[in-house]
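Nothing in this text is a laboratory measurement; each read-out follows from the coordinates by a stated rule. Given the structure is predicted, the values throughout are model-derived calculations rather than measurements.
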Amino acid sequence: PISPAPRGDSCREVQEATKARRCSPFAEYWYHALAMRARYGIRSVFLATDDPSVVDEARTAAATAGLPLYAMLANPPASAGTAPPPLWDSVLARRGVDASSAAAGVVDDLALLGRCDAYVGKFTSNLDRIAYSLLAARSGCLKPVVSLDSLWCHDWSNRVGQSLFGSFVC
């Protein structure tokens, strides 16, 4: 039930300032996944991320907890390990990745995340809101969810979203 645990664009200071987002460590997502396991009987975890180190951390945590882990490493940063990683827009502009493959990776993430039974993510993220919408539509009801930063935001392209860190454009 864990959404993208990104370490890419959303972890840049400029994104934190303009999007009212913070880059959360994997442990914060994992804490809520374990709470959902205890409360709702979650028996496995699907993780979508763009950071290979998060997959490694998740494998260790899942093995310790005795939970099967299914990880999707989609669109790893073009210069993994650099700080800060380049913005996706600039990577795509200089053709640092195949745009078709990157788009297909996002579609794959959304399809798989939309099949979860519970969700841990951030509602300041368009991807997380889309994935949770797909999950709700597929199941016909709202499923357990933890947003690490904001309530649901539905006013597209307006600065009306409120997170723990300020307002943001939905």
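Annotations
- Mean Cα-pair separation over length for the stretch 95-155, i.e. relative contact order, pairs under 8 Å, 6 or more apart, %: 35
- In angstrom, the C-alpha Rg and Dmax of the stretch 29-69 are 10.0, 29.
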